[in-house]
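Structure first, commentary second.
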Amino acid sequence: MSKLAELTKGLWKENPVFRLLLGMCPTLAVTTEVVSGIGMGLSATFVLVMANLVVSSMRNVIPAKTRLPIFIVIIATFVTIVDLVMNAYAHDVHKSLGIFIPLIVVNCVILGRAEAFASKRPVFDSILDGLGMGLGFTLGLVALATVREILGNGTWFGMPVTGEGYTPFLLFVLPPGAFISLGFLLAGMNSIENRRKAHG
Amino acid sequence: MSDKKDSNIAAVVVVVIIATVCAAGLAFIKDLTADAIQAALDNETLSAVAKVVPKNCEADLAKQFVFPEGEGGLTFYPAYDKATGDLCAFAVKTQDDKGYGGRLQLLAGFSHLDNPEGLVLQRVYVLTHSETPGLGSKATVGQDEDPDTWGDDPVKVFGVNFRMKQVKDMSFTAKKAAEAGPNDVSAITASTVTSRAVTNAAKKAAELVKGNLEALKQKGAR
């Protein structure tokens, strides 16, 4: 697979949110606002890239038996760095993401990429994989948050977009709205993919 | 057998080395960000306190105290007149555990500290809550805007219920908007539980300030 393909596969073909259905817990929980979605997505991207980089560069010294605890220690370290730095310099975003920042540790996209990709592949490929998957995850969160914020709150990036006459459809910022929106987006993605296959 | 034992030991040694390096790195980052985190937290508290005390007053976080001391006490942030430096208001961090989503924390500002009868509740500011978005969360509508823009309809802005009220006149009872008298709190539509939690938290602070005004003034004095 070419370097470019390593980077772009996470955006569509193996998108963690829409194709692999990984990391569903934060996906459903933080997508009430686009800003929170971007904050979570970029935090996860940083952790993915750094964890992939470290795991890949140490792949020859990490013993097979204890690889999972080592992956978790490495991932938890970068998540704690994100938590501290965000708390210090992006305090409002940190407050709105709350418990979901520490929970990036158990986001299965990250452990999944460390185990399935970075522990077997060269460093540069692993960085591209982490970056692509992270941006794909961010893209997924932003797409879902866009639908939920506009329908459920009448705003996008906190700015009113629907005009005075619109009564926000509250359901969309509540948990059921997350499942419903995700369902429709998945259906849309599958339909596009099927059509592409039929024509291609 | 010996090989297996060796490889086990090696595996454990690698885990310990990696964990130690990670811990050292984190200790360094924590040290690096500690001041900025404290400054961000202080800023957050100062800007929330500034919202609930009169505009001519300014809080001094170094003078904050807990009253009554020990568990169950509330945190007081004394604010001082910008011109004279005299104590002019208290912001009280109070809470109620019976919100619809559990604990709800708010700041209540009190001014006119000359005597308990003249005490005025400036306004309240919800700090943390887990209320339902769009229903109970309406308790926070407008709270980051200038209260002068709120108008005087408590149905539109819940904070109006607690703005510039004589503490001695308030009933601290949340009732449905249609049934609420001038001294009652008009509950948010379909969110009586949330309204009651905010009211009870404010009541707790008001009673504490009213009943212990002299002691509090002594503690808050510069």
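The values are calculated or read from the model by the stated rules, or taken from the named source; none is laboratory data. All figures in this text were calculated on a predicted structure; none of them were measured in a lab. Positions of Cβ are generated from backbone atoms using ideal geometry, with glycine treated the same way; all protein chains shown enter the neighbour counts. Calculation scope for accessible area: heavy atoms of the full protein, side chains included, ligands and nucleic acids excluded. Shrake-Rupley method; radii C 1.70, N 1.55, O 1.52, S 1.80 Å.
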Identify all residues within the stretch A:75-89 that are open to solvent by 20 Å² or more (accessible area, probe 1.4 Å), under 14 Å from B:ALA34 (Cα atoms) and facing chain B (nearest Cβ under 9 Å); write none if there are none.
A:THR80, A:ILE81, A:LEU84, A:VAL85, A:ASN87, A:TYR89
Within the set of pairs 6+ apart or on separate chains, which have a first residue in the stretch A:22-51 that is on the phi > 0 side of the Ramachandran plot, a second that is part of a helix (DSSP H, G or I) and buried (at least 24 other Cβ atoms within 10 Å of the Cβ), and C-beta atoms under 6 Å apart?
A:GLY23/A:VAL109
Based on what the data block shows, is A:VAL123 more than 14 Å from chain B (Cβ to nearest Cβ), within 19 Å of the chain's Cα centre (by Cα) and at pLDDT 95 or above?
no
B:PHE67 vs (1) touching an Asp or Glu at 6+ places or on another chain (Cβ under 9 Å); (2) open to solvent by 10 Å² or more (accessible area, probe 1.4 Å); (3) of a type in the set (Phe, Trp, Tyr): all pass except (1)
Search the stretch B:70-120 for residues being open to solvent by 30 Å² or more (accessible area, probe 1.4 Å) and at positive phi, and hand back the single one that is farthest from the chain's Cα centre (by Cα).
B:HIS112
If A:LEU11 satisfies all but one of (1) more than 16 Å from A:ILE127 (Cα to Cα); (2) outside any helix (DSSP H, G or I), what's the number of the condition it fails?
(1)
Residues to consider are B:VAL193, B:VAL209; find the one that is of a type in the set (A, V, I, L, M) and either in contact with a Ser or Thr (Cβ under 9 Å, 6 or more places away or on another chain) or closer than 16 Å to B:GLY99 by Cβ (or both).
B:VAL193
The correct count of residues that are in contact (Cβ under 8 Å) with a residue 40 or more places away in the chain and open to solvent by less than 10 Å² (accessible area, probe 1.4 Å) in the stretch A:111-163 is 17
Would you call A:SER191 assigned to a helix (DSSP H, G or I), within 20 Å of A:THR27 (Cα to Cα) and either within 14 Å of another protein chain (Cβ to nearest Cβ) or hydroxyl-bearing (Ser, Thr, Tyr) (or both)?
no
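A quick yes/no check of all residues on (1) without any contact (Cβ under 8 Å) to a residue 24 or more places away in the chain; (2) part of a helix (DSSP H, G or I):
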position	(1), (2)
B:CYS22	yes, yes
B:PHE28	yes, yes
B:ASP31	yes, yes
B:ALA34	yes, yes
B:ILE37	yes, yes
B:ALA48	no, yes
B:GLU58	no, no
Please specify each residue of the stretch A:58-74 satisfying the condition of being farther than 28 Å from A:PHE100 by Cα, open to solvent by 50 Å² or more (accessible area, probe 1.4 Å) and either touching a residue at least 40 places away in the same chain (Cβ under 8 Å) or of a type in the set (S, T, N, Q) (or both).
A:ARG59, A:ASN60
